[in-house]
Amino acid sequence: MYRLSLLFLFLCGTLLADVKPLVFAPLPMKDAVTIYETFAPMTRSLELSLDRKIDYHISESYEDLMVAIQKGEIDITYLGPLPYILAKEKNENLKPLVVFNESDSKPTYACVLVAWAPQKKQYELKNLNPKETTIALTSPLSTCGYYAVDRMLKRSEYGYILDMFRYRYLGKHDEVALAVVRGEFQYGGLKEDIANQYSHLGLEVVARLDNMPGFALIVDSNRVDPSLQGAIYNTLLQTKEEIYSHWGRGIDKGMRPASDEMYWNFKQILYKDQWRLKP
């Protein structure tokens, strides 16, 4: 009887170990409450389908998230193209499953440079004095951070580079938008759909960089086995519009299969430009 009890406890322990919660870590583009509200409907759908609990790991910064991914502490994450490419260099087990459509139903998006509308004319690129111009950025690891703003300035007819300007990293996209609205910075670089959420406060686009490969749901294949990967993939792609349209902004326009090939051209541009992190 004693041996049977020990065997029962061992089997229970084994089963419990097999069903430990999955750890989901979305990119910290906004505050923690907004991040949770955005993704909770999606993760609830996955929990019901997978019969598996999903715990959130909400990092303070892009940098903290990258460290957790590099250490192999995250099962599922949500990343834009630049963070994904950089994370993949540190953790080759990362695998994109689905990419989310944007408002135009395409799996690409735009980064934008914004100014506050009442001062937009004053801040047109032709009027700039770089030494007196301030720019708010998200994160060195953000696609819409240093990388996108520098490219937008270089593409202008005035031949600017971002290092000519006074810039500062604020961390989150919504913090960049609000800092520009409050007049703390003349410009801000962020994702277009987040900028649009602040247009009613007078935020307007000055320049844009289109066709960034979309944000993807990514698994660590060393932590998530192939059968579970398949279950996540099938659950998401079989989700009907009447369901996903009620998910949070940014993941509510549907999904399509993702692959590393989607990010190949973007990666080639990075190498061609000899891009480096600018802390």
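The values are calculated or read from the model by the stated rules, or taken from the named source; none is laboratory data. This is a predicted model, so every value here is computed, not measured. When we count neighbours, we look across all protein chains shown, and the Cβ atoms used for this are built from the backbone with ideal geometry, even at glycine. Note: accessible area is taken over every heavy atom of the protein model, side chains too, but ligands, DNA and RNA are not part of it. Shrake-Rupley method; radii C 1.70, N 1.55, O 1.52, S 1.80 Å.
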Next item on the list: Just name the residue that is surrounded by the most Cβ atoms within 10 Å (Cβ to Cβ) out of those in the stretch 193-244 that are aromatic (Phe, Trp, Tyr) and under 23 Å from Ala25 (Cβ atoms).
Entry: Phe215
Next item on the list: For the stretch 159-170, indicate whether the set of residues that are more than 23 Å from Phe24 (Cα to Cα), part of a helix (DSSP H, G or I), under 22 Å from the mean Cα position of the chain (by Cα) and among the acidic types (Asp, Glu) is non-empty.
Entry: no
Next item on the list: Identify, by number, the condition in (1) part of a helix (DSSP H, G or I); (2) at pLDDT below 95 that Ile243 doesn't meet.
Entry: (2)
Checklist line | Among (1) assigned to a loop (DSSP other than H, G, I, E, B); (2) modelled with pLDDT of 95 or more; (3) open to solvent by less than 70 Å² (accessible area, probe 1.4 Å); (4) over 24 Å from Glu37 (Cβ atoms), the one test that Trp275 misses | finding: (2)
Checklist line | First in the stretch 211-226 and outside any strand (DSSP E or B), second anywhere and of a type in the set (S, T, N, Q), Cβ under 9 Å, 6 or more apart | finding: Gly214/Asn101; Gly214/Thr108; Ser221/Asn93; Ser221/Gln229; Asn222/Asn91; Asn222/Asn93; Arg223/Asn93
Item checked: Neighbours by Cβ (under 6 Å, 6+ apart or cross-chain): first from the stretch 151-175, under 21 Å from Leu270 (Cα atoms) and touching a residue at least 40 places away in the same chain (Cβ under 8 Å); second crowded, with 20+ Cβ neighbours inside 10 Å and of a type in the set (Asp, Glu) -> Leu162/Asp150
Check: If Glu102 passes every condition in (1) modelled with pLDDT of 95 or more; (2) in a loop (DSSP other than H, G, I, E, B) but one, which one does it miss?
Finding: (1)
Note to self: Contact list please: Cβ distance under 7 Å, first residue in the stretch 251-279 and at negative phi, second residue acidic (Asp, Glu) and open to solvent by 60 Å² or more (accessible area, probe 1.4 Å), pairs at least six apart or on different chains.
What the structure shows: none
Next item on the list: Would you please name the residue that is farthest from Ser227 (Cα to Cα), looking only at residues in the stretch 60-73 that are open to solvent by less than 10 Å² (accessible area, probe 1.4 Å) and in contact with a strand residue (DSSP E or B) (Cβ under 7 Å, 6 or more places away or on another chain)?
Entry: Leu65
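Give me the residue from the stretch 260-272 that is of a type outside the set (A, V, I, L, M, F, W, C) and within 16 Å of Val98 (Cα to Cα) and, out of that set, most open to solvent (accessible area, probe 1.4 Å). Walk me through it before giving the result.
Here is the first cut: in the stretch 260-272, the residues of a type outside the set (A, V, I, L, M, F, W, C) are 260-261, 263, 265, 267-268, 271-272.
Now restrict to residues that are within 16 Å of Val98 (Cα to Cα): 260-261, 263.
On the way: Asp260: 66, Glu261: 137, Tyr263: 7 Å².
Checked the stretch 260-272; the qualifying residue most open to solvent (accessible area, probe 1.4 Å) is Glu261.
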Item checked: Near pairs, Cβ below 8 angstrom, 6+ apart or cross-chain, from the stretch 44-72 (closer than 17 Å to Pro28 by Cβ) to any residue that is open to solvent by 80 Å² or more (accessible area, probe 1.4 Å) and basic (Lys, Arg) -> Met66/Lys90; Ile69/Lys90; Gln70/Lys90
Check: Any idea which residue in the stretch 246-272 is farthest from the chain's Cα centre (by Cα), counting only those that are hydroxyl-bearing (Ser, Thr, Tyr) and not in a loop (DSSP other than H, G, I, E, B)?
Finding: Tyr271
Next item on the list: Looking at (1) within 23 Å of Leu237 (Cβ to Cβ); (2) β-branched (Val, Ile, Thr); (3) open to solvent by 30 Å² or more (accessible area, probe 1.4 Å), find the lone condition where Thr38 falls short.
Entry: (3)
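How many residues, within the stretch 106-149, are assigned to a loop (DSSP other than H, G, I, E, B), modelled with pLDDT under 90 and open to solvent by less than 30 Å² (accessible area, probe 1.4 Å)?
Here is the first cut: in the stretch 106-149, the ones assigned to a loop (DSSP other than H, G, I, E, B) are 106-107, 120-124, 128-129, 133, 138-142.
With modelled with pLDDT under 90 added as a condition, the list becomes 120-124, 128-129.
Imposing the further condition that a residue be open to solvent by less than 30 Å² (accessible area, probe 1.4 Å) reduces the set to 123, 128.
Here the count works out to 2.
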Checklist line | Enumeration of residues in the stretch 183-205 that are assigned to a helix (DSSP H, G or I) and over 14 Å from Leu137 (Cα atoms) | finding: Asp193, Asn196, Ser199, His200, Leu201
